[in-house]
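Shown next, in structure tokens, is the structure this report addresses.
The values are calculated or read from the model by the stated rules, or taken from the named source; none is laboratory data. As the structure is a computational prediction, the values presented were derived from the model and not from experiment. When we count neighbours, we look across all protein chains shown, and the Cβ atoms used for this are built from the backbone with ideal geometry, even at glycine. Protein only, heavy atoms only, side chains kept; ligands, DNA and RNA dropped before computing areas. Shrake-Rupley method; radii C 1.70, N 1.55, O 1.52, S 1.80 Å.
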Amino acid sequence: MKRNAYIAAALLLAGITACNNEPAFTVEGEITDAADKMLYLEQTGLERIVPLDSIKLDEEGGFSFSVARPDAPDYYRLRIDNKVINFAVDSTEAVKVHAGLGNFATGYEIEGSENNTKIKELVLLQAGLQERVNRVARSGLPIGIAQDSIQKIVTAYKDTVKHKYIFAGPNKSYAYFALFQELNGYMIFDPLTSKEDVKCFAAVATSMNNMYPHADRSRNLYNMVIKGMKNTRAPQVKPLEIPMDKVEETSIIDIPLRDENGNLHHLTDLKGKVVLIDFTVYGASESGARNLLLREVYNKYKEQGLEIYQISLDTDEHFWKTAADNLPWICVRDPQGPYSTFLRLYGVSQLPASFLVNRSNELSLRIGADTDLDAEIKKLL
């Protein structure tokens with residue numbers, strides 16, 4: 001009996017020793033002016049944020065976490081309230097962070113890793129982008145001009161990040177981080193419908209697949225690239241024939257599509273209202289700011305008879321449903337995506353694209369960059 005107890009104790013001790021010998025990394029440092037605040041260490045997973053550890057900070061603000069080291073580069077964050085510090089871990093054994101509560105998410109210092117230095121640079125660049133876009137959205141410019149300005153700002157940002165961070169080091173953790181930055185909750189780089197952006201994802205996917213072929217992130221990125229390449233492959237051009245049964249006597253071409261709840265909406269059922277038809281992709285980088293501008297117009301004129309009929313060409317149905325759920329107007333989706341028949345019927349060659357329809361269900365205007373949308377809607381109301 002006693003011999004069995006010794007054996008059991010020895011096995012338990014061996015198990016503890018084995019666990020303690022697993023490769024680990026530490027995250028340590030201090031957060032000033034954060035006494036009594038909870039500091040959380042979280043993993044940024046592919047599908048969700050995973051809590052790992054936490055500590056209540058004292059007046060000195062010191063902290064130290066120890067976590068099993070990942071088999072391939074992975075991404076983590078320190079969080080206080082809704083402020084986060086993002087960082088990557090690959091072969092690094094220790095990450096040292098120094099920050100203050102006031103500028104926790106942008107004013108921190110992180111030691112010992114080129115990847116994390118670059119990730120901080122990207123965080124600061126993205127914060128600057130968000131600030132510039134917000135200024136344009138609040139400027140009161142006509143929606144077409146504001147949209148054009150935002151598009152130029154986002155394009156310039158993408159060009160900078162593409163050349164300085166993605167193509168400059170596609171095998172680096174910061175290049176992967178750059179791919180998934182967001183603006184107003186939408187991805188800045190579009191892996192599903194933008195041919196140029198797919199090239200960025202492909203460059204990083206190739207490097208990751210060579211170095212970490214069995215990692216979940218490598219497989220996920222590879223699958224995204226394959227899907228994006230299929231979506232952006234040039235379709236065969238066929239002569240455009242407009243079926244006469246699609247053209248109502250009011251001269252508008254009907255668009256019968258379903259919303260996020262499965263309900264069918266006919267564009268022609270909106271006769272009697274002024275309708276803004278909007279072809280868009282929610283996953284595009286400028287979509288969030290654009291919808292903010294549309295919301296201002298909608299809130300201003302909906303009681304006077306304005307309706308928005310927004311057609312999504314997103315290939316990711318789940319993403320579309322999540323985004324559309326927060327919008328107050330009619331949101332439908334064409335499952336044909338970028339190969340939608342309605343794009344051809346309405347002569348749309350570039351997204352986003354918008355039209356105004358009068359109360360008689362007649363197509364009145366294609367909205368351009370210099371369109372005074374307020375004035376044009378008032379004419380029709």
Surrounding net charge for I31, when Lys and Arg each add one and Asp and Glu each subtract one, Cβ distance under 13 Å: -4
Over the chain: helical MRE at 222 nm, DSSP H runs n ≥ 4 each giving -39500 (n - 2.57), nearest 500: -11500 deg cm²/dmol
Computed lengthening from T106 to S64, 0.36 nm per intervening residue step minus Cα-Cα distance: 13.1 nm
Computed lengthening from E93 to K227, 0.36 nm per intervening residue step minus Cα-Cα distance: 44.7 nm
Principal axes of region 275-319: Cα extent on each, largest first, Å: 34, 17, 15
Average accessible surface area per residue within the chain, 1.4 Å rolling probe, Å²: 52 Å²
Debye log10 I(q)/I(0) at q = 0.09, 0.13 Å⁻¹ for the chain, Cα point scatterers: -0.66, -1.11
Cα-projected label distance for M211 with R359, points at 7 Å along beta-carbon direction, nm: 6.3 nm
Cut-off 12 Å, label 7 Å out along Cα→Cβ of K199, residues of region 165-190 by amide N: 167
Solvent-accessible area of K302 with every protein chain in place, 1.4 Å probe, in Å² to the nearest 10: 80 Å²
For the chain: relative contact order, % (alpha-carbon pairs under 8 angstrom, 6 or more apart): 13 percent
Sulfur and carbon atoms: percent of accessible area, region 288-381 [1.4 Å]: 45 percent
Along principal axes, Cα extents of region 104-157, largest first, whole Å: 47, 21, 7
Principal axis dimensions, region 20-157 - Cα atoms, whole angstrom, descending: 61, 35, 26
Cα long-axis angle, helix 216-232 against the chain (0 to 90 degrees, to the nearest 10): 20 degrees
Net lengthening on full extension, E131/E47 (0.36 nm per residue, minus Cα-Cα): 27.5 nm
Tally of Lys pairs whose C-alpha atoms are under 13 Å apart, taken over region 254-381, 8 or more apart or cross-chain: 5
Nonlocal amide H pairs with E182, under 5 Å, H built at 1.01 Å: I188
Binned Cα-Cα distance frequencies in region 124-207 - 10 Å width, integer %: 17, 48, 26, 8, 1
P(r) of region 267-381 over all Cα-Cα pairs, binned every 5 Å from zero, in whole percent: 2, 11, 24, 25, 21, 13, 4, 0
